[in-house]
Amino acid sequence: MTLIAQSIALFFLVAGTAFSLIGIFGFLRLPDVYTRLHASGKVSVFGVVFLLIAAILLTPLSAWKGLLLIFFVLLAAPSVSHALASAAYKTGIPMARVERDDLKGKLEKSGEEG
Amino acid sequence: MRRVQIAIPLLLVYLALSGNVTLPNLVVGALVALGVSSLLPVGNGAAFSWKRLPRFLWALIRYFFVVVTDILEGGLSTARLVLDPKLPIHPGIIALPAGSRTELGAALSAHAISLSPGELVVEMDDEGTLFVHCLDVQQSAQYAEAAQRLRRRLLREMFE
Amino acid sequence: MERILDITLWVVLGLHLLMALIVVWRVWRGENSVARLMGLDLASTLTLAVLVIVAMLRQNSIYIDVAIALAALSYISTVAIAKFISDHKVF
């Protein structure tokens, strides 16, 4: 029983670290703020959640805390990405290699909000 | 009644954090949860009813699985994009109708879109149109609307 | 099995610390304020991951409590600073 739990935990450890590494690689490689936000969001969702699943399987007495933290991370990560993207768009940071922008010129009409 | 509705999740969080479910701890947790919920503003969401609980839970479970598969798919495709030596990204912002009338439904569908990597909500206007930044404009414009329709149907089952 | 797990945990810890170092270097050489803020958020996320790994290494769940507090604080502070950058007021 513990052997199965440990093997699953090992898998989640390796997978979470691999996703974190890919996320950091994308963070270094992608051209502008908006595309980098996709990569950094993946680090928090995949890396931390997979590590927490491994921690639930390995550490005694932490299952409820771990599940609470997974729930909180899944709740917080998209709103952090949205806040950063909105701040970047409002301060007028340009997008690299942009192909289509439906939002262009609409922000001034709707005024300051949020 | 609304206050108790807010207080029960707070009590569950308290119990999860303190880690022991004994009677004194339960009483203290209930008192703290009621105190905190009296400080919070009461929203104007739908009232709780026992009759709708099974349908709500069933829709919640299906929604959870839809979101998890979305996250996994989006994560793998983004990883493939990042590791590709030619970096074939076509970034851009597209407009998507949120379509949910309630505030909570709109917030949850925006959350689900941002959670799946590869798509990211930048802004939302008064009519409820979401402006989504995607790594691949053509692909997202094709698939996002169908996925959005499925999520919207489940959200409507939950909250309306 | 315990031995493999132990070695893996130490390797994973080292990799996360290395990633945090890279991110801090990017914050130091960032091109604009939002990019720097994003780097700071990523660094706090990696600190969260390091705390979870230490909880597994020490077999002690008190580090998960610390991680919960850090997650809440970093979330609030990142959103507040992003709002300050875009609107020049916090609330």
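The values are calculated or read from the model by the stated rules, or taken from the named source; none is laboratory data. In this text the structure is predicted, and so the values were computed from the model without any measurement. Cβ atoms come from the backbone with ideal geometry, glycine included; neighbour counts cover every protein chain shown.
List the residue pairs whose Cβ atoms are under 7 Å apart, where the first residue sits in region B:4-23 and is closer than 16 Å to B:L40 by Cα, the second is of a type in the set (V, I, T), and the two are 6 or more positions apart or on different chains.
As it stands, the answer is B:L10/B:V36, since those pairs meet every condition given.
In region C:18-45, which residue that is in contact with a Leu (Cβ under 8 Å, 6 or more places away or on another chain) and of a type outside the set (V, I, T) is nearest to A:I8 (Cα to Cα)? Step through it out loud before you land on a result.
Step one: list which residues in region C:18-45 are in contact with a Leu (Cβ under 8 Å, 6 or more places away or on another chain), which gives C:19-20, C:22-23, C:26-27, C:34, C:37-38, C:41, C:44.
After this cut, where a residue has to be of a type outside the set (V, I, T) as well, the list is C:19-20, C:26, C:37-38, C:41, C:44.
Working: C:M19: 24, C:A20: 26, C:R26: 34, C:L37: 35, C:M38: 32, C:D41: 29, C:S44: 26 Å.
It comes out as C:M19.
Given the condition in contact with a Ser or Thr (Cβ under 7 Å, 6 or more places away or on another chain), under 26 Å from B:D136 (Cβ atoms) and at pLDDT below 85, answer yes or no: does some residue in region B:58-73 qualify?
Among the residues of region B:58-73, at least one is in contact with a Ser or Thr (Cβ under 7 Å, 6 or more places away or on another chain), under 26 Å from B:D136 (Cβ atoms) and at pLDDT below 85, which makes the answer yes.
Among the numbered conditions (1) assigned to a helix (DSSP H, G or I); (2) closer than 22 Å to A:F72 by Cβ, tell me where C:N60 comes up short.
Single failed check for C:N60: (1).
Across region B:37-51, what is the number of residues that are surrounded by fewer than 15 Cβ atoms within 10 Å (Cβ to Cβ) and either touching a Ser or Thr at 6+ places or on another chain (Cβ under 7 Å) or modelled with pLDDT of 80 or more (or both)?
Number of matching residues: 2.
Taking the options C:L17, C:L5, name whichever one is more than 25 Å from A:P94 (Cβ to Cβ), under 17 Å from the mean Cα position of the chain (by Cα) and not aromatic (F, W, Y).
On inspection, the qualifying residue turns out to be C:L17.
Restricting to region C:1-27, give me the number of residues that are more than 8 Å from chain A (Cβ to nearest Cβ) and either closer than 19 Å to C:S77 by Cβ or buried (at least 21 other Cβ atoms within 10 Å of the Cβ) (or both).
Total meeting the criteria: 3.
Are there any helices (runs of 4 or more DSSP H) wholly within region B:52-160 with 1 or more residues that are exposed (fewer than 13 other Cβ atoms within 10 Å of the Cβ) and small (G, A, S), and if so which?
It comes to B:137-159.
Quick check on my filter: what residues within region C:28-38 are within 7 Å of chain A (Cβ to nearest Cβ) and not aliphatic (A, V, I, L, M)?
C:N32, the sole residue that qualifies.
Yes/no matrix, rows are residues, columns are (1) over 30 Å from A:L21 (Cα atoms); (2) away from every other protein chain (no Cβ under 14 Å); (3) modelled with pLDDT under 80; (4) in contact with a Gly (Cβ under 9 Å, 6 or more places away or on another chain):
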| position | (1), (2), (3), (4) |
| --- | --- |
| B:A79 | no, no, no, yes |
| B:G92 | no, no, no, no |
| B:A95 | yes, no, no, no |
| B:G105 | yes, yes, yes, yes |
| B:P117 | no, no, yes, yes |
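When you go through (1) over 22 Å from A:F19 (Cβ atoms); (2) in contact with a helix residue (DSSP H, G or I) (Cβ under 8 Å, 6 or more places away or on another chain); (3) facing chain A (nearest Cβ under 9 Å) one by one for C:N60, which number turns out not to apply?
Unmet condition: (2).
Based on this model, can you work out whether B:A147 counts as out of contact with any helix residue (DSSP H, G or I) (no Cβ under 9 Å at 6 or more places or on another chain), at negative phi and of a type outside the set (D, E)?
no
So, in region C:39-55, of the ones that are within 9 Å of chain A (Cβ to nearest Cβ) and either within 11 Å of the chain's Cα centre (by Cα) or outside any helix (DSSP H, G or I) (or both), which residue ends up nearest to A:I53 (Cα to Cα)?
C:V52
Collect the residues in region A:12-65 that are among the charged types (D, E, K, R), within 7 Å of chain C (Cβ to nearest Cβ) and farther than 18 Å from C:D41 by Cβ, keeping them in residue-number order. Reasoning before the result, please.
At the first step, the residues of region A:12-65 found to be among the charged types (D, E, K, R) are A:29, A:32, A:36, A:42, A:65.
Checking which are within 7 Å of chain C (Cβ to nearest Cβ) leaves us with A:36, A:65.
A:K65 - this is the single residue of region A:12-65 that is among the charged types (D, E, K, R), within 7 Å of chain C (Cβ to nearest Cβ) and farther than 18 Å from C:D41 by Cβ.
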